[in-house]
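Take a look at the structure below.
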2 protein chains.
Amino acid sequence: MTHVLILGASGMLGRKLCREVQSALNASTLTLADVMAPDIPGGVPADTRARAVDITDGAALDELIAEKPNIIFHLAAIVSGEAEADFEKGYRINLDGTRYLFVAIRLSGASTDYCPRVVFSSSLAVFGGPYPEQVPDSFLAAPQNSYGAQKAMSELLLADYSRRRIFDGVGLRLPTICVRPGAPNKAASGFFSNIIREPLQGKPALLPVPDTLRAWLASPRAAVKNLLLAAELDTSQLGARRTFNLPGLSVTVAEQIEALRDVAGAAAVGLIERQHDPSVEDIVSAWPARFDAALATALGFQADASFASIISNFLEDDME
Amino acid sequence: MTHVLILGASGMLGRKLCREVQSALNASTLTLADVMAPDIPGGVPADTRARAVDITDGAALDELIAEKPNIIFHLAAIVSGEAEADFEKGYRINLDGTRYLFVAIRLSGASTDYCPRVVFSSSLAVFGGPYPEQVPDSFLAAPQNSYGAQKAMSELLLADYSRRRIFDGVGLRLPTICVRPGAPNKAASGFFSNIIREPLQGKPALLPVPDTLRAWLASPRAAVKNLLLAAELDTSQLGARRTFNLPGLSVTVAEQIEALRDVAGAAAVGLIERQHDPSVEDIVSAWPARFDAALATALGFQADASFASIISNFLEDDME
């Protein structure tokens, strides 16, 4: 009887993840929570509940956690661009919200042996340069934007609460997700997806950075697979470091564009319009683009095989 | 007209620091704040005020900051042993207290160009193994106790607020302070001082760890000197990484004891009683004992010359 809770269930990864928990995690109960009650899609357990939960409302989290879900995916956050634009809101949702969740688990488990698995989606935005050629697992978190600071602080909470056995936490620093389906969001990294998704659908897309910019990418499919692996990971392999870098694909924008050309031809590539935006470049160029994700690889986490396969995944899973 | 505020002014470093700010920082006004109003010692500016401030009381911090001190030393914290024993209190004082201070500065400066220097005392407790032979400036913070987690989170806040130019922050990861004067406190690292201070004063001291345990130490005099340097540092040399490791002295307990023997003879050494305490050893053995403090050294921060000189400092400054 596994009860899975997904916080941030209306987000792009949440919507994909919820369809996998029955088969991958043998979930019999699923709670989908987001600031507005999420739609319940097909392919979920019969006992699936949708809840509207403001993550900055500690009492609402207490109620959710009182149902004692065994596996909690904490994917709720506002994105980098929004956290940078609204300083208070970023800390309130991305830091305080995480803490309210963790405190709710602590209070709920205080007199019982309740100790759920918590899978937290962190980000390579926790890093700041200068970087070595490849960023090792031991590299410090020195974020250069508020979103990264909030994620890095949440990672520290995750580790300390796990060390105290309040819950059993695993944090994954997700690569930049590409190709994101649907409408553009406020993430500074959105263009990595826009320049592929929009031209594939015959629409124009803005490219705000130089072709030479390199990024560490993963498809939604790879991200979901790795989140599911984290939900069942043997955490005795982790020691005190509960958050780690995931494997990804290191590609330049030029390499992305060439892969698009191979799949969809010059006409698609012609839909990409270069319009430099220094504020976007400042944020995304501060993120490292090459990792030695040795720990995650040893634990069985996987990257996409190539950018061509990332495009194939999009065409199979999300093409409208 | 420099106004210096010391939060945590009744602590060991605060009491030493306040006597130096007039000459070292040309302070004309000094505010000493702690949970109980601090005693005002000699050697301070004529305009010195003592304030009782609970750092978890945001409104009280707002009042302090409304006076717009130019240099703020944030030394207020509960120590590692206490933060480990009382989970909630540790987060409330060591994390929330720091945040209330930073928010008070943000709100106070929102409509003005107020941007004070904030000097924050952090700790090598932010680190957790496995360690390389020497810990570099780029090594990650992976704390293995709650105190370290709270300090690491405060460092992240310091960096993000500084990047936003809300204040101009410098964080110093102080080595373990030795020889601490006065009565033992609840810090797990207290024995490093106890085994020197107590025998020098003819009293017994417990040694809870093996002689082979190595630590990264600094005298109170070196710590105060480095805090004063941080108050006037040209922060354009720092970039985004606002907190760094200070130089220190890497010594084993055995080397400490040999230095004590040289100064005070076998009778003093005989006052050290070995009484193994795994809970203390667990905490202190998790801290790294050798650093390459390249950045701080390049910026002019200094370590003590030898453990013998650390003992001399104690005899000159603090022997009762």
- Query: Taking neighbour Cβ counts within 10 Å as the exposure measure, how do A:1, B:319 sort from fewest upward?
  - Reply: A:1, B:319
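Efficiency by 1/(1 + (r/R0)^6): what FRET value for residue A:203 and residue A:87, r their Cβ-Cβ distance, R0 = 35 Å, to the nearest 0.05?
0.60
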- Task: Please sort B:213-222, B:45-54 by packing, taking for each peptide the average over its residues of neighbouring beta carbons within 10 angstrom, highest first.
- Result: B:213-222, B:45-54
- Among A:4, A:286, A:184, the residue whose Cα sits farthest towards the positive end of the charge dipole of chain A, when +1 is placed on the Cβ of each Lys and Arg and -1 on the Cβ of each Asp and Glu, is A:4
- Note on the structure: Within the stretch B:148-284, the percent of DSSP beta bridges that are antiparallel, given to the nearest 5, stands at 35 percent
- Query: What percent do you get for the relative contact order of chain A when only Cα pairs under 8 Å and 6+ apart count?
  - Reply: 17 percent
- Item | Alpha-carbon gyration tensor eigenvalues x 5, square-rooted, for the stretch A:198-243, Å | 35, 16, 6
- Under 18 Å Cα to Cα from residue A:16, which lysines show up? Leave out anything in the same chain fewer than 8 places away. A:225
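For a footprinting-style exposure proxy, rank B:133, B:273, A:255 by other Cβ within 10 Å, fewest first.
B:133, B:273, A:255
Rounded, prolate or oblate: pick one for the stretch A:33-118, where a ≥ b ≥ c are the square roots of the eigenvalues of its C-alpha gyration tensor, a/c under 1.5 means rounded, and failing that, prolate if a/b is larger than b/c, else oblate.
It comes out oblate by the Cα gyration axes.
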- Task: For the stretch B:236-248, just list the computed ³J(HN,Hα) in residue order, Karplus coefficients 6.51, -1.76 and 1.60, θ = phi - 60°, integers in Hz, with x standing in for Gly and Pro.
- Result: 5, 7, 9, x, 7, 8, 8, 10, 9, 7, 8, x, x
- Item | Cβ-Cβ FRET estimate between residue A:35 and residue B:211, R0 fixed at 51 Å, reported to 0.05 | 0.35
- For the stretch A:85-219, with +1 on Lys and Arg beta carbons and -1 on Asp and Glu, the positive-most of A:136, A:101, A:206 along the dipole: A:101
- Message: Please list 3J(HN,Hα) in residue order for the stretch B:189-198, calculated via the Karplus relation 6.51 cos²θ - 1.76 cosθ + 1.60 where θ = phi - 60°; whole Hz, with x for glycine and proline.
- Response: 8, x, 5, 4, 7, 4, 6, 9, 4, 5
- Query: Once both labels are modelled 7 Å past Cα along the beta-carbon direction, what's the residue B:261-residue A:267 spacing in nm?
  - Reply: 8.8 nm
- Compute the label zone of residue B:306 within the stretch B:221-239: residues whose backbone N is under 18 Å from the point 7 Å along Cα-to-Cβ. B:222
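How would B:179, B:44, B:284 line up from fewest to most surrounding beta-carbon atoms within 10 angstrom?
With the fewest neighbours first, B:179, B:44, B:284 line up as B:44, B:284, B:179.
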- Item | Spatially proximal aspartates and glutamates relative to residue A:89 (Cα-Cα < 15 Å; intrachain offsets below 8 disregarded) | A:54, A:57, B:160
- Note on the structure: Listed by chain and number, the residues whose amide H is under 5 Å from that of residue B:174, excluding neighbours fewer than 5 places away on the same chain and using placed H, are B:122, B:123, B:124
- Message: Just to confirm a number: summing +1 for Lys and Arg and -1 for Asp and Glu over residues other than residue B:67 whose beta-carbon lies under 14 angstrom from that of residue B:67, what do you get?
- Response: 0
- Query: Using the alpha-carbon centroid of each, what span in Å lies between the stretch B:35-55 and the stretch A:15-85?
  - Reply: 50 Å
- Value of relative contact order over the stretch A:129-213, rounded to a whole percent, pairs C-alpha under 8 Å and six or more apart: 14 percent
- Note on the structure: Copies of residue B:89 compared via label points 7 Å along Cα→Cβ give distances in nm, shortest first, of 3.9
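Read the figures in this text as sums done on the coordinates, not as results from a lab. Predicted model only: the values in this text are computed from it and were never measured. All Cβ positions, glycine included, derive from the backbone under ideal geometry; neighbour counts span all protein chains shown.
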